[in-house]
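Taking it in order: structure first as structure tokens, then the write-up.
The values are calculated or read from the model by the stated rules, or taken from the named source; none is laboratory data. These numbers come from a predicted model, not from an experiment. Backbone-built Cβ (ideal geometry, glycine too); neighbour counts: all protein chains shown.
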Amino acid sequence: MNWKRWVLLGAVLLATAPALAHKYHASLTTVEWNAESKALEVVVRVFADDLEAAITKSRGTPFQLESADETAVAAYLAEHVVFRIGDTRLKPNWVGMEMDVRQLWAYIEIPVPQGIEGLALHHSVFFDLFGDQINTVNVNVTGTVKSLVFDRNRPRQSLL
Amino acid sequence: MCLRFFCTALSVACMLSAALMAGGKHQPEDKFRQLEEILPTPNDYRTASGAPGHEYWQQRADYDINLVLDDTRQHISGEARVTYYNRSPDTLRYLWVQLDQNRFAADSDQRLAEPAPKLYKSHSKSIYLPDEEKVQVGSIRPYVAGREFHGGFDIKDVRDGEGRPLRHTIVKTMMRVDLPQPLKPGEQMSFEVVWDYPIVDQKDFRTRAGYEYFEEDGNYLYEIAQFFPRMAAYTDVNGWQHKQFLGRGEFTLEFGDYRVAITVPSDHVVAATGVLQNADEVLRPEWRRRLEKARTAKEPVMVITEAEATANESSRAKDTRTWVFEAKEVRDFAFASSRKFIWDAWGFKQENGETVMAMSYYPKEGNPLWERYSTHSIVHTLAVYNRYTLVYPYPVAISVNGPVYGMEYPMICFNGPRPEKDKTYGRRTKYGLISVIIHEVGHNYFPMIVNSDERQWTWMDEGLNTFVQFLAEKEWEDRYPSRRGEPRDIIEYMVSDAQVPIMTNSESLLQFGNNAYAKPATALNILRETILGRELFDFAFREYSRRWQFKRPMPADFFRTMEDASGVDLDWFWRGWFYSTDHVDLSIASVELYRNGSREPEVEGPLQRKDQEEEPLSVSEERNRNVPKRVEAYASLRDFYNDHDPFTPTPLQEEMFRERTEHFEPEELKLLEADLNYYMVTFENVGGLVMPVLLEITYADGEIEEQRIPAEIWRRNPERVTKLIATDREIKSFRIDPRWETADADVENNHYPRKPVPSRFRLFKKHKRNQMQEMQKQPPVSSDAGSGASDRP
């Protein structure tokens, strides 16, 4: 990869450039606690073209969702949506994904047999791509929805 | 759910209103309170009906610009003569001019006011650490690039019409020009500016204009905008709109006529706002012939073919040529220039008889997508928007492919999507391209013609335009994959608590895209489909467009016009959707069944007995059943009351009934005789946003009926309200919003009795497990297995 291409892929300027007039960078994640199975049920909804760009960037070769299997998506999300209790990183189980022309829904299950006290989330989806990426996380562990906003200044937050 | 209660139909109605009036002094918030206290007071400039007032005024600025594009240095130099017309009732001592390029200067507010990105400390030299927390290259890059690129206008001269220097003060992206004599109402004055600036690399800075360099053939493609000092708007609402350009809140501009002469290398092709004045000097004869043919053609005509454009890529002209464009009644001007342009055109004859030239300019890298979809998308946009808003008033509509993903200017817009290098393209790219062209061409209507203040209110152009874009997409093909507009797609955003109301200044918006694009577009879609209906909505929306074309509307003008023209009080709707962050979640809290009691002792006695018999015996009574009782041992203790059946009517009761019914009017007796079920259905507003209750009733006989209860049902109590449904049939179940029209967040509580609705996660997991089980059930495929299916259990 020559430098020009690298710049093309990596060029993200928050300080000097705004969000483009008609493109905005956001994702929505839903986290629900299933007390019966003692697992977090997570749905991550992203724009499909953003995900393609992000995986293309991290691999260095063009990546297209339509002709790829799910492992690349699972790997990218495993790296960028990380649940922790204290210092322990919780292991995610990939359930699967769905997509339409614009969007992709990824389903991830995280068993937490010990319970969720001290649960924290690191959510850095597309921070490596866009300076203005905003990831909203709707957390429902008690029956009411609480929303958290993750951006580059707040990539890691407590969920409880 | 079932409860029998003895009362008359008349008293059921009384109880209902009593329940509604219950509650002490502390009433819940009135969600139907009129907006008068929030909206600005109507005046001679803007009426209470939402129309421009009889004293409405706006300023005007004409521009005569000479420009040179230097292809060797990627540099613009220009001089402009600006004629400013003071049509306000005020005397002006100075003028404010916008210098948008200055946001690339080192001292711009946009750079200075940007909070630092998060940087992670690393023990490794590699950029990407194995852990998920890594140093982010993108976050450092602006600081590196900012050191290298010194952008911004170099203002060389500002003079008045007679050539005398004018005192001017540059305040970052704004410039104040002091006038030697105050400019009185009705007067006009001219001044001249000379300037230059370096063009930014669009891909580095992700801007609304800039250049793209093509390594393969060594050519540049320029998309140029905000390239000249533009008059700031002076309005009856804000005075001078000179809020700094921070990058997000777009532009606030005045209308005027433009003459722009653009000097470029002689082998460049230029596309611009307006009409080309010297085609015979800059276009080859065959291009002019094809262009003429395109005016009346049945499909797009190639003006410059791909072969001609590709041949031109290796040209390197040393001389220049000047392209002259004129545009009338526009609020801005933009252009594109390159050796690489393929050009196609197609005349669109409008209902008013005028022909608009729809034209696309794109490099070969845009094909095969662009030759197939761009010009068609432009014409489709004009056809649909003309129907819903106003008839396109300009002679051309252009779509250019270049580095900018999507940006609008009068008559011309820049659109980015391209196929892969091998000329294949995915569905996403295809629909991305059609959608962005519809969106950007659609911006001609909002804000280029209906000239809202973008710096202040992003939703007024983006929200309205995204809404009409949705209508246009739906007329492209069935089940068009629209990104925004469907109520069900906005729910996750609406329930999140990290948001601000739509009525928030552009620069302060959180979740920009959802706030200013998706939510207003969805709100208008719901207003059209569910609340006003298409006929009323479309009339009102067209009236807003008609009233405010070539004028400057404010939010109140939109809100008021939509009410004024539809005849429907919508203050509750604006309050909920535009001024609050509530979401929609209506719930059926309870259903109670009431029957019509006759009070006739002959009828009621047996019914009461049956009721009592149906009650279970108490445990004590049950266990004492065989315990000997005193009254059985001593018969003398029994009297009248031991033997009388309390449910047998006494003569006194019958006399009382006769007396009572004598007082009833015949109509009341008729009501009493009607054998109806009265269902008291109690709705709860969990989300806070008041909305119509779209109630689906399923009867025991299987018939389904829908009642559309207007939002006004919440007007006295926006939290909890009961509706009485009288029917001679038995109802099996109730459901709210069966067609998902209102963006109701929790579907489960829409059912009565409750029906568990699995979460998206559980639905998917279940579906996937089923699929796997299905797959495992398949018999092994063997070549001779002719009856494999019959072996399955």
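In segment B:496-511, the qualifying residues are those that are within 14 Å of chain A (Cβ to nearest Cβ) and buried (at least 22 other Cβ atoms within 10 Å of the Cβ), and the one that is nearest to the chain's Cα centre (by Cα) is B:SER506.
For (1) buried (at least 23 other Cβ atoms within 10 Å of the Cβ); (2) away from every other protein chain (no Cβ under 14 Å); (3) over 16 Å from the mean Cα position of the chain (by Cα), each residue gets a yes or a no:
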residue: B:ASN514; (1), (2), (3): yes, no, no
residue: B:ALA518; (1), (2), (3): yes, no, no
residue: B:ARG528; (1), (2), (3): no, yes, no
residue: B:ARG534; (1), (2), (3): no, yes, yes
residue: B:ARG542; (1), (2), (3): no, yes, yes
residue: B:GLN549; (1), (2), (3): no, yes, yes
residue: B:PRO553; (1), (2), (3): yes, yes, yes
residue: B:ARG560; (1), (2), (3): yes, yes, yes
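In segment B:83-99, which residues are within 36 Å of the chain's Cα centre (by Cα) and part of a strand (DSSP E or B)? Hits for segment B:83-99 are B:TYR84, B:TYR85, B:LEU95, B:TRP96, B:VAL97, B:GLN98.
Once segment A:109-132 is narrowed to residues that are facing chain B (nearest Cβ under 10 Å) and over 11 Å from the mean Cα position of the chain (by Cα), the residue that is nearest to A:LYS38 (Cα to Cα) is A:GLU109. Of all the criteria given as (1) part of a loop (DSSP other than H, G, I, E, B); (2) at pLDDT below 80; (3) within 14 Å of chain A (Cβ to nearest Cβ), the one not satisfied by B:PRO780 is (3).
For segment A:133-142, the condition of being over 29 Å from B:ARG483 (Cβ atoms) and more than 9 Å from chain B (Cβ to nearest Cβ) holds for at least one residue.
Scanning segment B:613-655 for residues that are surrounded by 10 or more Cβ atoms within 10 Å (Cβ to Cβ) and under 19 Å from B:PRO601 (Cα atoms) gives B:HIS644, B:PRO646, B:PHE647, B:THR648, B:PRO649, B:THR650, B:GLN653, B:GLU654, B:GLU655. Taken over segment B:152-166, the criterion of being part of a strand (DSSP E or B) and either among the small types (Gly, Ala, Ser) or over 40 Å from the mean Cα position of the chain (by Cα) (or both) is satisfied by B:LYS156, B:ASP157, B:VAL158, B:ARG159, B:ASP160, B:PRO165. Condition test on A:GLU98, is it within 9 Å of another protein chain (Cβ to nearest Cβ), out of contact with any Cys (no Cβ under 6 Å at 6 or more places or on another chain), at negative phi and assigned to a strand (DSSP E or B)? The answer is yes for A:GLU98.
Considering (1) surrounded by fewer than 23 Cβ atoms within 10 Å (Cβ to Cβ); (2) assigned to a helix (DSSP H, G or I), the lone condition that B:THR466 does not fulfil carries the number (1). Can you tell me which residue within segment B:746-771, out of those that are more than 11 Å from every other protein chain (Cβ to nearest Cβ) and surrounded by 15 or more Cβ atoms within 10 Å (Cβ to Cβ), is nearest to A:GLY96 (Cα to Cα)? So the residue we want is B:VAL747.
Report whether or not B:GLU254 is within 14 Å of chain A (Cβ to nearest Cβ) and of a type in the set (Asp, Glu).
Numbers: within 14 Å of chain A (Cβ to nearest Cβ): no; of a type in the set (Asp, Glu): yes.
Against the criterion (within 14 Å of chain A (Cβ to nearest Cβ) and of a type in the set (Asp, Glu)), B:GLU254 does not qualify.
Would segment B:232-244 turn up any residue that is more than 14 Å from every other protein chain (Cβ to nearest Cβ) and over 36 Å from the mean Cα position of the chain (by Cα)? Taking every residue of segment B:232-244 in turn, none turns out to be more than 14 Å from every other protein chain (Cβ to nearest Cβ) and over 36 Å from the mean Cα position of the chain (by Cα). I'd like to know if segment B:630-652 contains one or more residues that are part of a helix (DSSP H, G or I) and at pLDDT below 80. No, every residue in segment B:630-652 fails to be part of a helix (DSSP H, G or I) and at pLDDT below 80.
When residues in segment A:143-160 are screened for being outside any loop (DSSP other than H, G, I, E, B) and either within 17 Å of A:ALA39 (Cβ to Cβ) or within 11 Å of chain B (Cβ to nearest Cβ) (or both), 6 of them pass. Being assigned to a loop (DSSP other than H, G, I, E, B) and under 29 Å from B:HIS376 (Cβ atoms) is the filter here; which residues of segment B:474-530 pass it? Once the filter is applied, which keeps residues that are assigned to a loop (DSSP other than H, G, I, E, B) and under 29 Å from B:HIS376 (Cβ atoms), segment B:474-530 yields B:GLU475, B:TRP476, B:GLU477, B:ASP478, B:ARG479, B:TYR480, B:PRO481, B:SER482, B:ARG483, B:ARG484, B:GLY485, B:GLU486.
Given the residues B:PHE333, B:PHE348, which is the only one that is at negative phi and surrounded by 24 or more Cβ atoms within 10 Å (Cβ to Cβ)? Going through B:PHE333, B:PHE348 in turn, just one is at negative phi and surrounded by 24 or more Cβ atoms within 10 Å (Cβ to Cβ): B:PHE333.
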